[in-house]
1. Assuming residue 139 fulfils every condition listed in (1) in a helix (DSSP H, G or I); (2) crowded, with 18+ Cβ neighbours inside 10 Å; (3) assigned by TED's automatic domain parsing to the domain that holds residue 80; (4) within 19 Å of the chain's Cα centre (by Cα) apart from one, which condition is it?
2. Step by step: first the residues of the stretch 50-66, then only those that are under 17 Å from residue 197 (Cβ atoms) and assigned to a helix (DSSP H, G or I), then the one that is modelled with the lowest pLDDT. Which residue is that?
3. Does the stretch 181-188 contain at least one residue that is under 23 Å from residue 71 (Cα atoms) and touching a strand residue (DSSP E or B) at 6+ places or on another chain (Cβ under 9 Å)?
4. Answer yes or no as to whether residue 245 is free of Cβ contacts under 8 Å to residues at least 24 places away in the same chain, out of contact with any strand residue (DSSP E or B) (no Cβ under 6 Å at 6 or more places or on another chain), crowded, with 22+ Cβ neighbours inside 10 Å and over 23 Å from residue 39 (Cα atoms).
5. Taking residue 146 as the residue in question, decide whether it is at pLDDT below 95 and in the same structural domain as residue 58 (by TED's automatic domain parsing).
6. Name the residue, out of 110, 69, that is in a helix (DSSP H, G or I) and surrounded by fewer than 22 Cβ atoms within 10 Å (Cβ to Cβ).
7. Does residue 131 qualify as being over 28 Å from residue 32 (Cα atoms), in contact (Cβ under 8 Å) with a residue 60 or more places away in the chain and not in a strand (DSSP E or B)?
8. So which residues in the stretch 50-59 are surrounded by 13 or more Cβ atoms within 10 Å (Cβ to Cβ) and without any contact (Cβ under 8 Å) to a residue 24 or more places away in the chain?
């Protein structure tokens, strides 16, 4: 990695990731490609909790830690956390990975089903495959965008699915670093790109606008993906995935990237 220019699209942990790249001798080019914006409507949350009195949910699915914490912050502000927790106690609680697990345990919420590594929608559905859902209500804590794959799979099993928006993904307010990165990619001055979220790919191409040229430019670099969901977004954009982290965490991502950048002996 020494002396290589590594594009980092991560926002929340971008500075930390840039620091880790620098420690390995790389030159981080940090261009945040994603912004998380609050998307919680307290009135909608209050209405949801009230609706559970008449139509209790059989299953709750929590997909992210930040969204789970935001949801409980909303019920706290409404004075409804105890009521909401009581509904969770009577239902089956499923988590997508370690982050929502930690957020729920902090609230002393029992967890019944957990998605296996690498914590994608496929693993969520696999953890629920033996659960009868015909005619049952399912509440899904949404991440940055609607999980169409999850909703459709649950509806195909006869479930009534409702998603709770907690935050949404958007372009960052300042897109100049991302625009500069596109210029560098087109100019061939970037050696590798680290992708840690599928939405980063879509935003990069939205800013770039020169879809074919940008795709070709990325295919001349080493593209490192955090996991299957990000890899799927890259392939959808026509970008080859050079390496994929296993498990889908920053450490393995950097290890895989460093190995891919080593000169052939």
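1. It is condition (1) that residue 139 fails.
2. 66
3. No, the stretch 181-188 contains no residue that is under 23 Å from residue 71 (Cα atoms) and touching a strand residue (DSSP E or B) at 6+ places or on another chain (Cβ under 9 Å).
4. When the stated conditions are applied, residue 245 passes them.
5. Judged against the criteria, residue 146 is a match.
6. On inspection, the qualifying residue turns out to be 69.
7. Yes.
8. Correct list: 51 only.
The values are calculated or read from the model by the stated rules, or taken from the named source; none is laboratory data. Predicted model only: the values in this text are computed from it and were never measured. We place every Cβ from the backbone using ideal geometry, glycine too, and count neighbours over all the protein chains shown.
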